[in-house]
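Student: This is the structure I want to talk about, given as structure tokens.
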Amino acid sequence: MSEKHLQTGDPLPANSGKLRIFAMRFCPYAERSVLVLNAKNLQYDLVFINLDHKPEWIFTFSPKGTVPALEYEPGQAIFDSNIINVYLDEKYPEVPLQATNPLRRAQDKMLVESFAGAQSAYYTAAFNPPALQPSMVETYHKGLELLQKELESRGTKYLHGDQPGLVDYTLWPFLERFEALPLIGKTEFAIEKSKYDVLINYMTAMKDVPAVKSYCLSADTHAKFMESRAKGDPNYNMLDTSAVCCMRPRKKKE
């Protein structure tokens with residue numbers, strides 16, 4: 001898989017006939033849809049986009065030039081991770097990812113919505129100057145506490161149950177990136193085991209899920225991208241295929 005992000009002037013790759021997802025390698029929203037594709041064992045092509053210098057043809061698939069966008073038929077696409085993922089779950093039901101109980105589906109959606117504050121706090125911490133508002137740190141930890149309480153209440157390995165589901169794949173990309181914040185000096189955002197033992201156990205389990213393991217990145221790698229973006233020069237093409245590993249930082253060459 002090429003990690004190159006296509007940009008203005010680059011031609012649109014030929015369509016192979018598979019599903020095609022347009023993404024950005026470090027985008028948590030795009031990762032949501034990649035994880036769902038992986039979880040459903042679907043064949044797809046992945047095209048990465050430079051969001052600062054977008055190729056002209058991306059607007060054919062996503063009117064605002066945002067990712068992810070899913071080309072489900074040649075020249076036909078849908079966009080927004082939530083829309084894409086529900087479509088995939090309903091179109092390819094062999095590996096169902098949503099709860100069968102309507103109330104649990106509603107609860108899953110409310111959990112995702114309630115976690116949005118922590119996600120916003122992450123973006124502020126990762127890509128803005130060091131000065132932090134105490135309320136932002138508080139909002140971040142309230143999100144983590146909410147998630148931990150929900151895990152305790154459900155009493156299952158994953159939020160979805162014994163196997164991860166759409167709610168897990170929706171929340172995971174942000175948890176993956178949260179671990180990088182202390183590495184860029186934002187120690188207020190550390191996920192300490194003494195406080196978040198249940199959440200940490202959940203995160204460890206998610207890292208071993210095949211759909212996640214094949215795509216996620218180490219905290220070290222995310223931290224390097226955060227630093228480049230915070231400086232105003234995001235290094236979209238910093239990776240090669242050997243960088244795919246969220247279990248541990250990349251080993252130094254001996």
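Student: In nm, to one decimal, how far is the modelled label at Glu3 from the one at Asn201, with both set 7 Å along Cα→Cβ?
Tutor: Each label point is offset 7 Å from its Cα along the Cβ direction, giving 3.4 nm.
Student: Quick check: with the 1.4 Å probe, what order do Asp233, Asp168 take by accessible area, largest first?
Tutor: Numbers: Asp233 110, Asp168 0 Å².
Result, largest first: Asp233, Asp168.
Student: Now, a different point. So with the 1.4 Å probe, I'd like the accessible area per residue for the chain, rounded to whole Å².
Tutor: 50 Å²
Student: Right, something else. Whenever you get a sec, compute what percent of the accessible area on the chain sits on carbon and sulfur atoms (1.4 Å probe).
Tutor: Ligands and nucleic acids excluded, carbon and sulfur give 51 percent.
Student: Which value at 222 nm does the chain reach when only helices count, each DSSP H run of 4 or more adding -39,500 (n - 2.57), with the total divided by all residues and rounded to the nearest 500 deg cm²/dmol?
Tutor: So the helix-based figure for the chain works out to -13500 deg cm²/dmol.
Student: Then there is this: Past the 26 Å Cα-Cα mark, which pairs from Lys142/Lys193; Lys64/Lys186; Lys40/Lys64; Lys193/Lys213; Lys40/Lys195?
Tutor: Distance filter (> 26 Å) returns Lys64/Lys186; Lys40/Lys64; Lys40/Lys195.
Student: Run through the DSSP bridge list for the chain and note the antiparallel percent, rounded to the nearest 5.
Tutor: Counting DSSP beta bridges with both partners in the chain, the antiparallel share is about 50 percent.
Student: Still on this model: For the range 88-233, just the Cα atoms, rotate onto the principal axes and tell me the three extents in Å, largest first.
Tutor: Largest first, the range 88-233 extends 45, 28, 24 Å along its Cα principal axes.
Student: I've got another one for you. From the backbone phi of the range 71-85, what are the Karplus-calculated ³J(HN,Hα) couplings (6.51 cos²θ - 1.76 cosθ + 1.60, θ = phi - 60°) in whole Hz, Gly and Pro given as x?
Tutor: 8, 8, 9, x, x, 10, 9, 10, 9, 5, 4, 5, 5, 4, 6
Student: So what does log10 I(q)/I(0) come out to for the range 1-143 at q = 0.11, 0.12 Å⁻¹, using the Debye formula with one equal point on every Cα and no solvent?
Tutor: Taken in order of the listed q values, log10 I(q)/I(0) reads -0.51, -0.60.
Student: Hey, in the GNM for the chain with a 10 angstrom Cα cutoff, which one of Lys142, Lys64, Lys40 fluctuates hardest?
Tutor: Highest fluctuation among the options: Lys64.
Student: Output wanted: per-residue J couplings in Hz (rounded whole) for the range 38-43, from phi through Karplus 6.51 cos²θ - 1.76 cosθ + 1.60, θ = phi - 60°, x for Gly and Pro.
Tutor: Result, rounded to whole Hz: 5, 4, 8, 6, 8, 7.
Student: Would you mind calculating the gained length between Val112 and Leu42 on full extension (0.36 nm times residue separation, minus the Cα-Cα distance), in nm to one decimal?
Tutor: Stretched fully, the Val112-Leu42 segment lengthens by 22.7 nm.
Student: Here's a follow-up. Looking at the square roots a ≥ b ≥ c of the eigenvalues of the Cα gyration tensor of the range 121-195, which shape do they give, rounded for a/c under 1.5, prolate if a/b is larger than b/c, or oblate?
Tutor: Prolate, because a/c is 1.5 or more and a/b exceeds b/c.
Student: Another question, if that's okay. Straight distance only, please: which aspartates and glutamates reach the Cα of Lys54 with their own Cα at less than 16 Å, same-chain residues fewer than 8 apart left out?
Tutor: Within reach: Glu3, Asp10, Asp233.
Student: Follow-up. With θ set to phi - 60°, apply the Karplus curve 6.51 cos²θ - 1.76 cosθ + 1.60 along the range 219-233 and write out the HN-Hα couplings as whole Hz, x wherever there is a Gly or Pro.
Tutor: 4, 4, 5, 4, 4, 5, 5, 4, 5, 5, 6, 5, 7, x, 9
Student: Of His160, His222, His141, which has the most accessible area and how do the rest follow, probe 1.4 Å?
Tutor: Ranked from most to least accessible, the order is His160, His141, His222.
Student: I've got another one for you. Which residue fluctuates the most in the chain, going by a Gaussian network model with Cα springs under 10 Å, if the choices are Leu19, Leu217, Leu35?
Tutor: Leu19
Student: Same structure again: Once you put a point 7 Å from the Cα of Val137 and another 7 Å from the Cα of Ile78, both along the Cβ direction, what distance in nm separates them?
Tutor: 4.2 nm
Student: Given just the C-alpha atoms of the chain, how large is their convex hull per residue in cubic angstrom?
Tutor: Convex hull of Cα atoms, per residue: 140 Å³.
Student: Further, regarding this structure: When the solvent-accessible surface of protein heavy atoms is calculated with a 1.4 angstrom probe, in what order do Asp197, Asp45 fall, highest first?
Tutor: On the way: Asp197 70, Asp45 40 Å².
From most accessible down to least: Asp197, Asp45.
Student: What number in nm² do you get for the range 154-205 if you take the convex hull of its Cα atoms and divide its surface by four?
Tutor: It is 3.8 nm².
Student: Where both partners of a DSSP beta bridge lie in the range 1-151, what percent of those bridges are antiparallel, to the nearest 5?
Tutor: 50 percent
The values are calculated or read from the model by the stated rules, or taken from the named source; none is laboratory data. These numbers come from a predicted model, not from an experiment. In this analysis, Cβ positions are derived from the backbone assuming ideal geometry, glycine residues included, and neighbour counts consider all displayed protein chains. Just the protein is used for accessible areas: all its heavy atoms, side chains included, with ligands, DNA and RNA removed. Shrake-Rupley method; radii C 1.70, N 1.55, O 1.52, S 1.80 Å.
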